[in-house]
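Following: one structure in structure tokens, then a few remarks.
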Amino acid sequence: MLRKTYDHVIALAERPAAPFWLFAIAFAEASFFPIPPDALLIPLALAQPRKAFWFALIATLGSVLGGALGYTIGYFLLAKLAQPIIHFYHYEAAFTVFQQKFAQYGLWVILIKGLTPIPYKIVTIAAGAAAFSFPLFMFASLVTRGARFLLEAALLRKFGEPAQAFIEKRLGFVTGLVALGIVGGFLILKFA
């Protein structure tokens, strides 16, 4: 079923309303949909390289606004659904620790995970469940999702189809290294 959905998303790239679908898929993926917007961004950028950055901007805006929905789901629904379970198992203290840890390290979680292929909905819902600062969450989402999609657009515009294979196979590894470099740089500054 997932493969059929993926194939349907790819087919959307050929339609005139493809930018709308890119926004919708980016929005949905950040809160509940299983297919990442890259599946539509890549064929769109390959078909129209001059619009690659425009498509990246559309994906970024859709993802950030969808992230707000994911945050809302985590903030309101998860608390209402999970609270009885947390109480039943006497995990109130553990949940409080989770919220404190996310408050302390949540910015890093958002920045790093937003670059990687890990489903962004996990980050958005966890941020809401932890009651992380919403304005800071939105800012970090804009930075990290924008960096990811703009990097893809730049690679696709410059290298075309060979970049597609690279993105599909190795972008997660490369963005993971970039995220590790960012964290390492801040740790060096902090302890130097």
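Taking region 24-43 as the range and being at pLDDT 90 or above and surrounded by fewer than 23 Cβ atoms within 10 Å (Cβ to Cβ) as the test, the residues that pass are A24, A28. Filtered by the rule that a residue be among the small types (G, A, S) and farther than 20 Å from L155 by Cβ, region 63-83 gives G66, G67, A68, G70, G74, A79, A82. Might you let me know whether region 30-39 holds any residue that is in a helix (DSSP H, G or I) and closer than 20 Å to S141 by Cα? Yes, some residue in region 30-39 is in a helix (DSSP H, G or I) and closer than 20 Å to S141 by Cα. Annotation: T116 fulfils all but one of (1) among the β-branched types (V, I, T); (2) part of a loop (DSSP other than H, G, I, E, B); (3) modelled with pLDDT of 85 or more; the unmet one is (3). Residue count for region 62-81 satisfying the condition of being surrounded by fewer than 24 Cβ atoms within 10 Å (Cβ to Cβ) and over 10 Å from S141 (Cα atoms): 10. For region 120-132, the criterion of being of a type in the set (G, A, S), surrounded by fewer than 18 Cβ atoms within 10 Å (Cβ to Cβ) and in contact (Cβ under 8 Å) with a residue 24 or more places away in the chain is met by at least one residue. Annotation note: Cβ proximity below 9 Å between a residue of region 143-160 that is at pLDDT below 90 and of a type in the set (F, W, Y) and a residue that is part of a helix (DSSP H, G or I) and surrounded by fewer than 18 Cβ atoms within 10 Å (Cβ to Cβ) (sequence gap 6+ or interchain) occurs for F159/F166.
The values are calculated or read from the model by the stated rules, or taken from the named source; none is laboratory data. Keep in mind it's a predicted model, so treat the numbers as computed, not measured. Cβ sites come from the backbone with ideal geometry, for glycine too, and all protein chains shown count toward neighbours.
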